[in-house]
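The values are calculated or read from the model by the stated rules, or taken from the named source; none is laboratory data. Everything numeric here is computed off the predicted structure, so don't read it as measured data. Every residue, glycine among them, receives a Cβ derived from its backbone with ideal geometry; neighbour counts consider all protein chains shown. Note: accessible area is taken over every heavy atom of the protein model, side chains too, but ligands, DNA and RNA are not part of it. Shrake-Rupley method; radii C 1.70, N 1.55, O 1.52, S 1.80 Å.
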Amino acid sequence: MRAFELESVEAVDQAVSHRRVHDGDAFIAGGTTLLDLVKLDVMQPEKVVDVSRLPLKQIEVLDDGRLKVGALVSNTDLAKHEIVMRDYPVLSEALLSGASTGLRNMATTGGNVMQRTRCPYFRDPAMPCNKREPGSGCSAIDGINRNHSVLGTSDQCIATHPSDMCVGMVAAGATLVLEGPDGTREVAFEDYHLLPGDTPEREHDLKPGELITHVILDAPLGGGQHYLKLRDRASYEFALASCAAIVTLDGDSVSDVRVALGGVATKPWRATAAEEALKGQPATQENFERAAEAAFKDAVAYSHNGYKITLGKQAVARALRDATAAARV
Ligand SMILES: Cc1cc2nc3c(=O)[nH]c(=O)nc-3n(C[C@H](O)[C@H](O)[C@H](O)COP(=O)(O)OP(=O)(O)OC[C@H]3O[C@@H](n4cnc5c(N)ncnc54)[C@H](O)[C@@H]3O)c2cc1C
Ligand code: SF4
């Protein structure tokens, strides 16, 4: 492991100005992703700015009904917060399906947003990887790609975005608050992560020196909510396919619906085609399956991951079924 300088900061403006000094610097919050990647020599910061003592650990309800979550709120505290459990159960379920209790206690909201792909070639500096080293090639496209994406891919990168929390946030609706050298700005959560396109090394819309200070959840949507995660093991495993669904009923018809996918796409994925297919339709199994087909109509399979199209459709249909059942309670 390379040596790096560690600096601890107590205020947001201090964090922003310290991180700005070197391009290769990184923030550290819970450390559950960053330290692994430094040990593997995938990330090589000269200086690490410890932001874990910043006053960003609060969850507060805003006057307009939105919920403002500090970037240092742990995944456990967010999942177990009474308002999140009551008004955003899809997010609570997504968070509790991630990692392990110990990791969730350390992992922070901002760090989870910023976690990197688990593509094994990305994590092995001996292998070509356009995301780690632009222009070097993609080892996964013609390699072992069982865990890779079927949606949002490019001929440069097919890596999957690994987060569960982000899928819940895309379904619930959220905004990121960023503090940087040029002040504060806000970005819609579902626009924040970028498709790989020709620049897979650019994974998100965070500018150099910027810090995520908060995530603000939209006012609660109500409806029935469910997060379904399908994986190789029952716990402590990333999703092969996951679906966050929020269904609002008017009688027996779906008046509103939001669907987001994980494990199958290069970014936390809003499945608008599935939503359009279901809105205004009777809440039946047949229509859930039609929506699932729509969600994957543009999917592209590689040599080992075609099963994810089938699995993903099943995740969508089952999550819609269970969210609808919750809406009827
Ligand atoms: C074994 C294992 C299993 C896991 N399983 C799952 C899973 O099933 N589902 C899932 O969703 N996740 C899973 N994770 C990932 C875990 O959720 C993330 O590691 C965690 O959320 C990262 O948060 P952190 O605070 O530890 O980030 P850190 O490791 O401290 O930082 C991660 C990155 O975010 C940057 N960063 C941190 N805070 C900020 C900020 N406020 N603003 C800007 N940049 C920032 C850092 O510079 C770094 O690049 C797993 C991790 C491990 C190690
Ligand atoms: S899929 Fe992306 S992260 Fe994985 S090797 Fe290819 S370029 Fe790298």
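Between the Cα long axis of helix 285-295 and the first principal axis of the chain there is an angle of about 40°, rounded to the nearest 10. When the GluC sites (Glu not before Pro) in segment 40-97 are filtered for DSSP coil states and for at most 15 other beta-carbon atoms within 10 Å of their beta-carbon, the remaining sites are 46. Remark: for residue pairs 47/80; 68/267; 57/229, the C-alpha separation exceeds 29 Å in 47/80.
Legend: calculated FRET efficiency, residue 284 to residue 204, from the Cβ-Cβ distance at R0 = 35 Å, rounded to 0.05, equals 0.40. Potential lengthening of the chain between residue 39 and residue 256 amounts to 73.5 nm, from the contour at 0.36 nm per residue minus the alpha-carbon distance. Just to be sure I understand the curve: with the Debye formula and one point per C-alpha of the chain, what is log10 I(q)/I(0) at q = 0.12, 0.14 Å⁻¹? Each listed q maps to, in turn, -0.82, -1.11. Using just its DSSP H runs of length 4 or more, each adding -39500 (n - 2.57), the chain gives a mean residue ellipticity at 222 nm of -8000 deg cm²/dmol after division by all residues. Based on protein heavy atoms only, the chain ends up with 43 Å² per residue of surface accessible to a 1.4 Å probe. Ligands, DNA and RNA left out, the accessible area of the chain computed with a 1.4 Å probe is 49% carbon and sulfur. Of 238, 189, the order by accessible heavy-atom surface (1.4 Å probe, DNA, RNA and ligands excluded), from most exposed downward, is 238, 189.
Averaged over residues, the count of other Cβ atoms within 10 Å places the peptides 146-157, 32-43 in the sequence 146-157, 32-43, highest first. For 165, 114, 85, 1, the ranking by accessible surface with the largest value first comes to 1, 85, 114, 165, using a 1.4 Å probe.
Centroid-to-centroid, using Cα positions, segment 259-327 and segment 188-206 are 22 Å apart. Considering only DSSP beta bridges whose two residues both sit in the chain, what percent are antiparallel, to the nearest 5? The answer is about 85 percent antiparallel. In terms of its C-alpha gyration tensor, segment 5-52 has an oblate overall shape, because the principal axis ratio a/c (a ≥ b ≥ c, square roots of the eigenvalues) is not below 1.5 and a/b does not outweigh b/c. For the chain, the longest principal axis of the alpha carbon atoms and the long axis of helix 307-328 meet at an angle near 70°. Extension gain, residue 298 to residue 186: 0.36 nm times the residue separation minus the Cα-Cα distance gives 37.3 nm.
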